[in-house]
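S.K.: Structure incoming, see below.
The values are calculated or read from the model by the stated rules, or taken from the named source; none is laboratory data. For clarity, every value in this text was computed on a predicted model and none was experimentally measured. Quick reminder, even Gly has a Cβ in these numbers, built from the backbone with ideal geometry, and neighbours come from all protein chains shown.
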Amino acid sequence: MRLLAVDPGEKHIGVAVSDPSGIIARPLTTLMHESRAKDAERLVALAREHEVEGIVLGLALNAQGEAGPQARRAERLVEALRAITDVPVIPHDESFSSATAQTLMLASGKKRRERRAQIHAVAAAALLQSYLDANPLPPAPPTG
């Protein structure tokens, strides 16, 4: 099951996609925020292009697990996506995805300029990997 992940921010939207088996996430692209409606249209177009079966959208919850202003903006994007696609949109806590992405990129030895250009898509991949690890797919039945 291929999934698309969205890490929404005020200026940038990180996007990642899983492999077809839904086990490994990889960064896909970073979009510049335009408007909620245009962002939703571009995300649905990416979902169609990559033939995904679900969209995981990051919600930045606070330490108490409550939605702050950023999470409320993300919830409105969830609603906008659901209004224009039948693909399931799944909110998922992304509280540590940016920190995880930063750690991964530092460990990989990427230069500062490369990290800045890729951080949003890598954060979306960290979000998606977190979701995939927490929700493993059942093994495929044996063929024969």
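S.K.: Quick check on segment 72-112: of everything there that is among the acidic types (Asp, Glu) and at pLDDT below 90, which residue is surrounded by the most Cβ atoms within 10 Å (Cβ to Cβ)? Even if it seems obvious, please write down each step before you answer.
M.R.: Taking segment 72-112 first, the residues among the acidic types (Asp, Glu) are 75, 79, 86, 93-94.
With the extra rule that they be at pLDDT below 90, the set shrinks to 93-94.
Numbers: ASP93: 16, GLU94: 29.
Here the residue is GLU94.
S.K.: Report yes if ARG115 is modelled with pLDDT under 60 and either over 18 Å from ALA5 (Cβ atoms) or not β-branched (Val, Ile, Thr) (or both), otherwise no. Lay out the reasoning, then the answer.
M.R.: On the way: modelled with pLDDT under 60: yes; either over 18 Å from ALA5 (Cβ atoms) or not β-branched (Val, Ile, Thr) (or both): yes.
Considered against the rule, which asks whether it is modelled with pLDDT under 60 and either over 18 Å from ALA5 (Cβ atoms) or not β-branched (Val, Ile, Thr) (or both), ARG115 comes out as yes.
S.K.: Could you list, ordered by first residue, the pairs with Cβ atoms under 7 Å in which the first is in segment 117-138 and in a helix (DSSP H, G or I) and surrounded by 19 or more Cβ atoms within 10 Å (Cβ to Cβ) and the second is at pLDDT 90 or above and of a type in the set (D, E, K, R), at least 6 apart or interchain?
M.R.: Once the first residue is in a helix (DSSP H, G or I) and surrounded by 19 or more Cβ atoms within 10 Å (Cβ to Cβ) and sits in segment 117-138, its partners that are at pLDDT 90 or above and of a type in the set (D, E, K, R) give HIS120/ASP7; ALA123/ASP7; ALA124/ASP7; ALA125/ARG26; LEU127/ASP7.
S.K.: Which one of the conditions (1) out of contact with any His (no Cβ under 8 Å at 6 or more places or on another chain); (2) at pLDDT below 95 does ALA37 fail to meet, given that it meets all the rest?
M.R.: Checking ALA37 against (1) out of contact with any His (no Cβ under 8 Å at 6 or more places or on another chain); (2) at pLDDT below 95, the one that fails is (2).
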